[in-house]
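The values are calculated or read from the model by the stated rules, or taken from the named source; none is laboratory data. Predicted model, so just to flag it, every value in this text is computed and none were measured. Virtual Cβ from ideal backbone geometry, glycine too; neighbours counted across all protein chains shown. Accessible surface areas use protein heavy atoms only, side chains included; no ligands, DNA or RNA. Shrake-Rupley method; radii C 1.70, N 1.55, O 1.52, S 1.80 Å.
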Amino acid sequence: MTHLLGTIFIRTKIQTKIRTMNHKVFVYGTLKRNEPNHHWLTNPEHGIGKFITEGTTKTKYPLIIGTKYNIPFLLYSPGDGHYVRGEVYEVDDTMLSKLDILEDHPNYYVREIDDIIVNKSESSDRETVKCWVYFLKNFRPDLLSKEQFENYSSMGSHGLRYLERSKRDPNDNYYHEVKH
């Protein structure tokens with residue numbers, strides 16, 4: 001009987017593991033491939049993150065670069081800005097919780113479900129998928145006057161190279177530069 005219960009537990013554990021790989025996350029900034037924080041999505045200690053496809057927001061949003069650290073922000077101002085290009089990843093619960101830590105959700109960024117347009121597999125047809133997206137809400141209104149981008153690259157022609165956390169002053173609270 002104990003052996004049978006152990007088998008059921010293992011099956012339940014396997015099913016739980018499979019069930020937890022159901023989060024889709026849209027990344028538009030430093031988490032994308034070839035960007036400074038992409039290692040967060042590939043570090044097995046952070047859980048599982050698997051690239052699915054490239055995508056574009058179904059709604060226009062302002063994507064800006066702000067603070068003295070040149071951080072990309074997707075401002076929650078639907079209808080303003082551009083259809084933002086990024087990447088869709090499938091992640092497990094552990095990875096999602098690590099991304100929440102990186103993005104300081106819900107204190108700084110707020111993670112919400114939004115519609116992302118992607119190409120269907122093996123087809124030129126497009127479809128809408130629901131993905132978690134990290135938005136900056138309650139931002140300073142003057143941020144809307146900053147240059148807005150359709151696609152982010154730390155090495156872009158804008159010349160605003162991202163400064164990684166490890167190279168920043170840990171006592172500097174830059175939240176006031178973007179939040180009100």
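Of all residues in region 141-153, which are surrounded by 12 or more Cβ atoms within 10 Å (Cβ to Cβ) and either modelled with pLDDT under 95 or not polar (S, T, N, Q) (or both)?
Selection gives Leu143, Leu144, Lys146, Phe149, Glu150, Tyr152.
Among the residues of region 55-90, count how many are of a type outside the set (Ser, Thr, Tyr), part of a loop (DSSP other than H, G, I, E, B) and under 19 Å from Pro106 (Cβ atoms).
Matching residues across region 55-90 total 1.
Could you check region 71-112 and list, in sequence order, the residues that are more than 20 Å from Ser166 (Cα to Cα) and either acidic (Asp, Glu) or touching a Cys at 6+ places or on another chain (Cβ under 7 Å) (or both)?
Across region 71-112, the qualifying residues are Asp80, Glu87, Val88, Glu90, Asp92, Asp93, Glu112.
Tell me which residues, restricted to region 65-120, are without any contact (Cβ under 8 Å) to a residue 12 or more places away in the chain and either open to solvent by 30 Å² or more (accessible area, probe 1.4 Å) or under 22 Å from Asn151 (Cβ atoms) (or both).
Ile101, Asp104, Pro106, Asn107, Lys120
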